[in-house]
Amino acid sequence: MKFTINREALLKPLQLVAGVVERRQTLPVLSNVLMVVDGNQLSLTGTDLEVELVGRVALEDVAEAGEITVPARKLMDICKSLPENTLIEVHQDDLKVKVKAGRSRFTLSTLPANEFPSIEEEAGSVSFTIGQSRLRRLIDRTGFAMAQQDVRYYLNGMLLEVSQNCLCAVATDGHRLAMCSVDADINQQDKHQVIVPRKGILEMARLLTEGEESVHITLGANHIRAKTGDFMFTSKLVDGKFPDYERVIPKGGNKIIIGDRQELRQAFQRASILSNEKYRGIRLILSDGQLKVMANNPEQEEAEEELSLAYHGDSMEIGFNVSYLLDVLSVLSGEAIKMTLSDPNSSALLEESESGDSTYVVMPMRL
């Protein structure tokens with residue numbers, strides 16, 4: 001194997017592919033990246049057995065075909081440290097790979113390509129194409145609510161639900177729930193649900209650009225596959241049953257607050273400074289046309305904020321984890337937000353005051 005490539009052309013796919021590779025590996029070959037030269041195309045593959053990412057680069061100069069695996073992070077660090085627009089020459093010399101760039105020379109250890117595991121192909125049951133920016137929006141709007149290392153393993157990921165002309169993403173950690181739906185060109189009469197693991201969602205989001213390009217998604221029985229122009233991403237799915245999220249969304253709340261999103265966010269941030277570091281609780285006290293935000297901590301310190309907002313109804317006091325409210329206010333857009341409450345023991349429903357595509361549920365906290 002032998003090829004010559006510009007530093008920038010190699011670095012971009014290498015950084016994305018190396019992101020999938022775990023540092024601490026049980027199998028030595030999993031900390032390597034698989035390099036395959038076929039014709040005038042170089043493909044780079046990284047995997048941790050759960051997630052696999054293949055990046056492809058077109059080579060301008062004549063190359064010798066071959067395949068080998070080299071340490072992913074070392075190769076990436078070498079590329080990063082070289083000056084911009086350097087030409088890099090890579091060639092396999094017996095059991096080593098030699099990298100030349102200007103006056104620099106590096107020799108890397110290798111492992112044979114046939115030891116590199118690949119996620120087996122399977123027939124997809126549902127496939128569709130969606131704009132990358134729309135899929136990115138779904139992930140950005142809901143990803144923060146995914147659980148991390150929860151024993152209910154099916155919460156450590158995101159539910160993707162496809163139905164006729166609609167793609168919906170739902171994430172919850174049991175304390176809050178985030179849901180976003182976008183229109184998509186999907187011909188699917190019945191609802192089809194898959195749970196994509198947390199790492200798969202985060203790696204897929206790194207691939208997506210804000211531009212007009214589209215991404216082709218295939219949902220199989222055990223895998224999700226996403227193809228963009230230069231990358232092919234595959235992730236295993238979580239085998240489990242996601243909670244019935246529609247039952248969690250509160251219905252019929254009669255206390256509706258419309259407030260300025262930035263004003264509320266800043267008030268919550270200031271109050272959170274003096275909330276209990278462990279429980280992060282703040283108290284919201286509603287009265288006609290006014291919201292009082294209060295926080296205190298074990299050191300007997302207190303914060304109090306008063307806001308004027310559109311609310312006409314009975315007085316009420318309710319507690320929340322302020323981090324959960326701030327997370328929602330950070331991803332919502334629009335100037336005003338709508339918060340619907342019913343009583344101090346029921347969840348709050350947050351959404352954009354004009355018709356938005358996202359819905360958030362935050363459970364209250366006893367203070």
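The values are calculated or read from the model by the stated rules, or taken from the named source; none is laboratory data. Predicted model only: the values in this text are computed from it and were never measured. Reconstructed Cβ throughout: ideal geometry from the backbone, glycine too, with neighbour counts over all protein chains shown. The protein model used for the area step is the full one, side chains on, heavy atoms only, and it has no ligands, DNA or RNA in it. Shrake-Rupley method; radii C 1.70, N 1.55, O 1.52, S 1.80 Å.
Annotations
- So LYS236, is it buried (at least 17 other Cβ atoms within 10 Å of the Cβ) and free of Cβ contacts under 8 Å to residues at least 24 places away in the same chain: no
- Output for the range 79-122, where each listed residue is out of contact with any helix residue (DSSP H, G or I) (no Cβ under 8 Å at 6 or more places or on another chain), under 18 Å from LEU42 (Cα atoms) and not charged (D, E, K, R): VAL90, HIS91, GLN92, VAL97, THR110, PRO112, ALA113, ASN114, SER118
- Residues of the range 111-148 satisfying the condition of being closer than 30 Å to ILE68 by Cα, of a type outside the set (Phe, Trp, Tyr), in contact with a strand residue (DSSP E or B) (Cβ under 8 Å, 6 or more places away or on another chain) and touching a residue at least 60 places away in the same chain (Cβ under 8 Å): LEU111, ALA113, GLU115, PRO117, SER118, ILE119, GLU122, GLY124
- Screening ASN276 on (1) under 30 Å from ARG136 (Cα atoms); (2) not in a strand (DSSP E or B) shows it passes everything except condition (1).
- Filter result for TYR154 (open to solvent by 50 Å² or more (accessible area, probe 1.4 Å) and at pLDDT 95 or above): yes
- Within the range 61-87, if we keep just the residues that are closer than 12 Å to LEU10 by Cβ and open to solvent by 80 Å² or more (accessible area, probe 1.4 Å), the residue that is farthest from the chain's Cα centre (by Cα) turns out to be LEU87.
- For first residues located in the range 92-110 and in contact (Cβ under 8 Å) with a residue 24 or more places away in the chain and closer than 14 Å to MET1 by Cα, partners that are of a type in the set (S, T, N, Q) and assigned to a strand (DSSP E or B) and lie 6+ apart or on another chain with Cβ distances below 9 Å form the pairs VAL97/THR107; VAL97/SER109; VAL99/THR107; THR110/ASN32; THR110/THR69; THR110/GLN92.
- Single residue of the range 208-224 satisfying the filter (within 15 Å of the chain's Cα centre (by Cα) and modelled with pLDDT of 90 or more) that is farthest from MET158 (Cα to Cα): LEU208
- Here is the figure for the range 307-356: residues that are within 19 Å of VAL248 (Cα to Cα), at pLDDT below 95 and touching a helix residue (DSSP H, G or I) at 6+ places or on another chain (Cβ under 8 Å) total 0.
- Wholly within the range 35-149, strands (runs of 3 or more DSSP E) carrying at least 1 residues that are farther than 30 Å from GLN25 by Cα and of a type in the set (Val, Ile, Thr): 126-131
- Candidate set: the range 1-59, residues that are more than 22 Å from the chain's Cα centre (by Cα) and of a type in the set (Asp, Glu); chosen: the one nearest to GLN92 (Cα to Cα): ASP38
- Test: residue in the range 192-207 that is part of a loop (DSSP other than H, G, I, E, B) and either modelled with pLDDT of 95 or more or surrounded by 13 or more Cβ atoms within 10 Å (Cβ to Cβ) (or both): no
- All positions within the range 32-41 that are buried (at least 21 other Cβ atoms within 10 Å of the Cβ) and touching a helix residue (DSSP H, G or I) at 6+ places or on another chain (Cβ under 8 Å): ASN32, VAL33, LEU34
- Residues (open to solvent by less than 30 Å² (accessible area, probe 1.4 Å) and among the small types (Gly, Ala, Ser)) located in the range 315-345: GLY319, ALA336
- Lone qualifier among VAL162, VAL182 - being of a type outside the set (Ser, Thr, Tyr), open to solvent by less than 40 Å² (accessible area, probe 1.4 Å) and free of Cβ contacts under 8 Å to residues at least 60 places away in the same chain: VAL162
- The C-beta contact set for the range 29-51 (first residue under 16 Å from SER235 (Cα atoms), second residue part of a strand (DSSP E or B), distance under 6 angstrom, 6+ apart or interchain) comprises THR45/LEU34; THR45/VAL54; GLY46/VAL33; GLY46/LEU53; GLU50/LYS236; VAL51/SER235.
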